[in-house]
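I have placed the structure first, in the form of structure tokens, so that the comments after it can refer back to it.
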């Protein structure tokens, strides 16, 4: 009887942890969406800057502006790549725990 109560408490703790992990995952997804929007804005600015190059304006300012935007875009892409990598690892870990934990309980 005590073992059943312990198992129930353990399952409750695991379900609470999974709930917290899902909330964390939702936060990560919203952060990813924000970063994607920023990257889209940067791309749009870059396109506008290249269009401005065709006009007869001070070209040095435009070139430095484009370089800054390209650097920002590259940084955002790197951040997104790292974030996607860690989200994938986190999801893989959750599924591994969900599938291995019941098997582990059978043997104990």
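The values are calculated or read from the model by the stated rules, or taken from the named source; none is laboratory data. This is a predicted model, so every value here is computed, not measured. No Cβ is skipped: glycine too gets one built from the backbone with ideal geometry, and neighbour counts run over all protein chains shown.
Miscellaneous remarks
- Boolean, residue 32 is surrounded by 12 or more Cβ atoms within 10 Å (Cβ to Cβ), closer than 29 Å to residue 91 by Cβ and at pLDDT 80 or above: yes
- One residue stands out in the stretch 23-41 among those that are touching a residue at least 12 places away in the same chain (Cβ under 8 Å) and under 24 Å from residue 70 (Cα atoms): the one that is nearest to the chain's Cα centre (by Cα), namely 32.
- Residues (surrounded by 12 or more Cβ atoms within 10 Å (Cβ to Cβ) and either touching a strand residue (DSSP E or B) at 6+ places or on another chain (Cβ under 7 Å) or at pLDDT below 85 (or both)) located in the stretch 77-108: 101
- Residue tally, condition more than 16 Å from residue 38 (Cα to Cα) and over 10 Å from the mean Cα position of the chain (by Cα), over the stretch 74-108: 20
- Residue within the stretch 60-76 that is surrounded by 10 or more Cβ atoms within 10 Å (Cβ to Cβ) and modelled with pLDDT under 80 present: yes
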